[in-house]
Amino acid sequence: MSVSPAVPSTRASQPKRGWYKRNEIAITPWLFLLPAILFFAVYVVIPIGQSFWISFHEWDGLGEKTWVGTANYERLLGWGDQSIDRKFETSFWNNIRWLILYLLAIPAGLFIALFLNQSVTGIRFYKSMFFFPFVISQVVVGLVFSWFYLPNVGMFDLITGFFGIDISGGVLGNPDTATYGIIAAGLWPQTAYCMILYLTGLNAVDPEQVEAARLDGAKGSRMLWYVILPQLKPATFIAFVVTIIGALRSFDLISVMTNGGPFGSTRVLSFYMFEESLSEFGFRMGYGAAIAVVLFFIMLGFIAYFLWSMYRDEKGAR
Amino acid sequence: MFPTPIAKTSRTWQVSYQALLPVALIIWLLPLIAVANFSIKPESDFVNGNYWGLPGSFEAFNNYGRVFFDSDMPRYLLNSLLITIPTVIGAVALSCMAGFALGIYKFRSNLPIFFMFIAGNFVPFQILMVPVRDLTVSLNLYDTKTGLVLFHIAFQTGFCTLFMRNFIRALPFPLIEAARVEGIAEWRIFLFVVLPLMKPALAALSVLIFTFIWNDYFWAVVLTQGPDSQPVTAGITAFNSQFRAAYHLMSAGSIVAALPPVLMFFLMQKHFIAGLTLGAVK
């Protein structure tokens, strides 16, 4: 920048500039976008379309694809004279359980954030230690919790045993409790994430409004509901986005903690899809793709809503 | 400030708050404390049923030594590094450029392209699995680190572009106009005006992507197999079948696998949280 000439420009003395020079403002953004778009198209956008295409085929991943029309979907959803795929049914309802229970991370995160939003000595240390679980890989979280849940010797079993509750086979060995056990493990890092979002949000709450509300006699839960939460709206929105997406993507924990069992009771769509596509009984890519497409449509409602609210904000910003 | 600052409350609540903090923290981190405890126990403790009590003897050097010298763990760790670092560089580089294009220039398809990146980021990645695996196989990149890196770069570019574009948009635009008036080429504006201002965003994004990629498990099992190219998240399962039910070694291995992102977080905490909470405040 420092070498720019004192005379503003020498352009006038160059009547014929190159084509690039003349169109610089129009061309440059595309040159800058090109690599990112290329990568994104090849690995993300096109594969979405391909998955739809593959879901209408029977394919073992190696040989020729055989067109089977909607047969995969008929088998999956039980259209026509077939009954619904039982594994799919279990996975679907488990996905709903994940979705609903995972949302508990949001109020839990808010609660911890409110608890920690003080300025006492060492509070920074406490905040980062409370956030700690989020940084750890879900694989490790899963392992840790599976030891926690061990039958007879696990800490959880010892505690419930103390209260006279005995879960036969341990939390993860019992089809009635296994999914809830995994969700609880997932809630641990997710709550930490929501907490950090709310801590940042609380930092930006307008102190004058809080003081004014206090003078008007607002306090406790009424203050929280009418004054604080409205100001935390951006944080809540992001907490919802990451929690819902996290719930529907859940795979690592299930794979590590129960591998879908016992008796397939902890399968979710993402896990079932993986299992069908790359199972040891042969690759059923077409059927797997069909499951992924169903999952995609479940998620589409949420994605559309998220995009719509972000789009509204973009338009409002202009 | 909400809730009421502790200094303005009654003496009893002040004292009990100070006492409550460490108790709450210990309960919160109980699973981790248990694993750390596991990893320094001798094997005999588990045989005798002493799972959760104090270690019978201090075996940390022994246990961690076996993780490093008796297993494929060092190899998996190296693989993880060789996957994570190129991905961070690639994704940050691509998204810097894309973010610059979307944040500075006005053209008709600007917003649609931006939303394509955001939308791709929300997609359940299972829908990409079959085609991406097929593509990787046909490029002869199945079970290679390169195959994994290429995919990670592409997928992370979505989130990174969202991040970078919003950051660049918040920069003072007159700066760029001033540079244009000076007749500076557009690519020089990127390199010498915008890029130096993006240092905080670069730092935040790098730590964040490092953690995400290090902790990835799904794509590691879809696109790789075996110790030649699998990262440590996938390697830990192989490690665990090697030392089945040897909790002292499995826990030591888990801690080793989890450590790098943890270190990253504690060293770069400010940047990490800035990256994660982008958009939580308007």
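The values are calculated or read from the model by the stated rules, or taken from the named source; none is laboratory data. The shown structure was predicted, so the numbers you read here are calculated from the model rather than taken from an experiment. Counting neighbours? That spans all protein chains shown, and the Cβs are built from the backbone with ideal geometry, glycine included.
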Residue that is nearest to B:A101 (Cα to Cα), among those in the stretch B:185-212 that are of a type in the set (V, I, T) and under 13 Å from the mean Cα position of the chain (by Cα): B:I209
Considering residues of the stretch A:260-276 that are small (G, A, S) and surrounded by fewer than 23 Cβ atoms within 10 Å (Cβ to Cβ) only, the residue farthest from the other protein chains (Cβ to nearest Cβ): A:S265
Counting only residues in the stretch B:122-152 that are touching a Pro at 6+ places or on another chain (Cβ under 6 Å) and more than 18 Å from B:L82 (Cα to Cα), the one surrounded by the fewest Cβ atoms within 10 Å (Cβ to Cβ) is identified as B:P131
Answer yes if at least one residue in the stretch B:250-271 is on the phi > 0 side of the Ramachandran plot and in contact (Cβ under 8 Å) with a residue 12 or more places away in the chain, and no otherwise. no
Take the stretch A:116-131 and flag every residue that is farther than 29 Å from A:I244 by Cβ and assigned to a helix (DSSP H, G or I). A:I123, A:R124, A:F125
Would you confirm whether any residue within the stretch A:277-288 is surrounded by 24 or more Cβ atoms within 10 Å (Cβ to Cβ), more than 20 Å from the chain's Cα centre (by Cα) and aromatic (F, W, Y)? yes
Can we say A:I54 is closer than 18 Å to A:A290 by Cα and either at pLDDT 80 or above or in contact with a Leu (Cβ under 9 Å, 6 or more places away or on another chain) (or both)? yes
Give me the helices (runs of 4 or more DSSP H) completely within the stretch A:154-242, filtered to those with at least 2 residues that are under 25 Å from the mean Cα position of the chain (by Cα) and within 10 Å of another protein chain (Cβ to nearest Cβ), ordered by residue number. A:178-203
Evaluate the stretch B:56-74: report whether one residue or more is assigned to a helix (DSSP H, G or I), surrounded by 11 or more Cβ atoms within 10 Å (Cβ to Cβ), at pLDDT below 90 and among the basic types (K, R). yes
Looking only at the stretch B:173-180, decide whether some residue is more than 8 Å from every other protein chain (Cβ to nearest Cβ), closer than 30 Å to A:S279 by Cα and acidic (D, E). no
Sole residue being among the β-branched types (V, I, T) and closer than 25 Å to A:F306 by Cβ, chosen from B:V137, B:V149, B:V123, B:V88: B:V123
Can you tell me which residues in the stretch A:50-71 are charged (D, E, K, R) and touching a helix residue (DSSP H, G or I) at 6+ places or on another chain (Cβ under 9 Å)? A:E58, A:D60, A:K65
In this structure, does B:A178 turn out to be assigned to a helix (DSSP H, G or I), touching a residue at least 12 places away in the same chain (Cβ under 8 Å) and either touching a Leu at 6+ places or on another chain (Cβ under 9 Å) or hydrophobic (A, V, I, L, M, F, W, C) (or both)? no
Being at pLDDT 90 or above and touching a Leu at 6+ places or on another chain (Cβ under 9 Å) is the filter here, so list the residues in the stretch B:1-23 that pass it. B:L21
State whether one or more residues within the stretch B:103-119 are more than 8 Å from chain A (Cβ to nearest Cβ) and buried (at least 24 other Cβ atoms within 10 Å of the Cβ). no
Being surrounded by 16 or more Cβ atoms within 10 Å (Cβ to Cβ) and closer than 21 Å to B:W219 by Cβ: is that true of A:S250 here? yes
Is at least one residue of the stretch B:224-232 touching a residue at least 24 places away in the same chain (Cβ under 8 Å), surrounded by fewer than 20 Cβ atoms within 10 Å (Cβ to Cβ) and closer than 25 Å to A:Y193 by Cβ? no
Within the stretch A:40-77, residues hydroxyl-bearing (S, T, Y) and more than 26 Å from B:A154 (Cβ to Cβ) come out as A:T66, A:T70, A:Y73
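Conditions (1) facing another protein chain (nearest Cβ under 9 Å); (2) modelled with pLDDT of 90 or more; (3) not in a strand (DSSP E or B), marked per residue:
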{"residue": "A:Q50", "(1), (2), (3)": "yes, yes, yes"}
{"residue": "A:I84", "(1), (2), (3)": "no, no, yes"}
{"residue": "A:T90", "(1), (2), (3)": "no, yes, yes"}
{"residue": "A:L114", "(1), (2), (3)": "yes, yes, yes"}
{"residue": "A:P133", "(1), (2), (3)": "yes, yes, yes"}
Quick test for you: out of A:L103, A:L99, A:L116, pick the one residue that is in contact (Cβ under 8 Å) with a residue 60 or more places away in the chain and under 30 Å from B:A7 (Cβ atoms). A:L116
For B:W187, state whether it is of a type in the set (F, W, Y) and closer than 21 Å to B:V35 by Cα. no
Go over the candidates B:A238, B:A234 one by one and state the one that is at negative phi and within 10 Å of chain A (Cβ to nearest Cβ). B:A234
